[in-house]
Amino acid sequence: MAKREIIILPDKRLRLVSEPVKKVTADVRSLVEDMFETMYDAPGIGLAAIQVGTPKRVVTMDLAKKEEPKNPQVFINPEIVDSSEEKTTHEEGCLSIPEFYGDVERPAQVKVKYLGLDGKQHEVEANGLFATCIQHEIDHLNGVLFIDHLSKLKRDRVIKKFTKAAKRAAE
Ligand code: K1U
Ligand code: ZN
């Protein structure tokens, strides 16, 4: 297991559309292990493989509260197959846009089809924070960031701030 570096806005790789996983191989299992180490260390409640620079459709998540036992979940090639008409607004953060938060409106419930680490197809109904988080992570697999759901004014401001910081760091 190894902790990997999380890529930060405005890294262009965050805009890539990730490739589906053809087979759950030892390489995929090793990527998943590294993603959990990276996510728990951050700390975060979710992570998409592209956030560690790997454009594969792999998501890790753990929504357990501090006092609860760990609940690591893996979603390979996740796809939303149904979304509720009802919407909900949740404050979102992103490990690739540190210390910036914004309210995002999304479907309140989604049905998600995915491959497990067992290589088998599964389906799950998500609501609450689970629904918000899985939609945020599937967005990452499609090169979409939560700031894309905010007003252009807010999005441009945050992109400008992170672009300036990246330039300063490169000097
Ligand atoms: O994908 C990511 O960048 C991870 C992100 C997931 C997420 C958070 C909130 C709403 C939607 C999606 C994070 O984990 S940000 C960090 C965070 O939310 C958190 C960290 C420690 C404890 C509790 C929450
Ligand atoms: Zn994110």
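The values are calculated or read from the model by the stated rules, or taken from the named source; none is laboratory data. The shown structure was predicted, so the numbers you read here are calculated from the model rather than taken from an experiment. Ideal geometry is used to build each Cβ from the backbone, glycine not excepted, and the neighbour counts take in all protein chains shown. Please note that ligands, DNA and RNA were not included when accessible areas were found on the heavy atoms of the full protein model with its side chains. Shrake-Rupley method; radii C 1.70, N 1.55, O 1.52, S 1.80 Å.
Considering only residues that are open to solvent by less than 60 Å² (accessible area, probe 1.4 Å) and touching a helix residue (DSSP H, G or I) at 6+ places or on another chain (Cβ under 9 Å), which ones fall in segment 115-132?
Once the filter is applied, which keeps residues that are open to solvent by less than 60 Å² (accessible area, probe 1.4 Å) and touching a helix residue (DSSP H, G or I) at 6+ places or on another chain (Cβ under 9 Å), segment 115-132 yields Val124, Ala126.
Please go through (1) hydroxyl-bearing (Ser, Thr, Tyr); (2) within 16 Å of ligand 2 (Cβ to nearest atom); (3) in a helix (DSSP H, G or I) for Ser30 and return the number of the only condition it doesn't satisfy.
Single failed check for Ser30: (2).
Residues to consider are Leu117, Leu153; find the one that is part of a helix (DSSP H, G or I) and more than 12 Å from ligand 2 (Cβ to nearest atom).
Leu153
Condition first: away from ligand 2 (no atom under 16 Å from the Cβ), closer than 25 Å to Lys87 by Cα and of a type in the set (Gly, Ala, Ser). Can you find one or more residues in segment 133-149 that meet it?
No, every residue in segment 133-149 fails to be away from ligand 2 (no atom under 16 Å from the Cβ), closer than 25 Å to Lys87 by Cα and of a type in the set (Gly, Ala, Ser).
Could you please find all residues in segment 52-97 being touching a residue at least 12 places away in the same chain (Cβ under 8 Å), more than 23 Å from Glu5 (Cβ to Cβ) and of a type in the set (A, V, I, L, M)?
Residues satisfying the conditions are Leu63, Ile80, Val81.
Given the conditions (1) within 25 Å of Lys65 (Cα to Cα); (2) within 16 Å of ligand 1 (Cβ to nearest atom); (3) open to solvent by less than 40 Å² (accessible area, probe 1.4 Å), report the number of the one that Phe100 does not fulfil.
The failed condition is (3).
So which residues in segment 76-102 are within 21 Å of Leu14 (Cβ to Cβ) and either touching a Leu at 6+ places or on another chain (Cβ under 8 Å) or away from ligand 2 (no atom under 16 Å from the Cβ) (or both), if there are any at all?
Correct list: Ile76, Asn77, Pro78, Glu79, Ile80, His90, Cys94, Leu95, Ser96, Ile97, Gly102.
May I ask you to verify whether Ile6 is part of a helix (DSSP H, G or I), among the aliphatic types (A, V, I, L, M) and either in contact (Cβ under 8 Å) with a residue 12 or more places away in the chain or surrounded by fewer than 12 Cβ atoms within 10 Å (Cβ to Cβ) (or both)?
The answer is no for Ile6.
If I ask for residues that are among the polar types (S, T, N, Q), open to solvent by less than 50 Å² (accessible area, probe 1.4 Å) and either away from ligand 1 (no atom under 15 Å from the Cβ) or farther than 19 Å from Asn127 by Cα (or both), which ones from segment 43-95 would you list?
Across segment 43-95, the qualifying residues are Gln51, Thr54, Asn77, Ser84.
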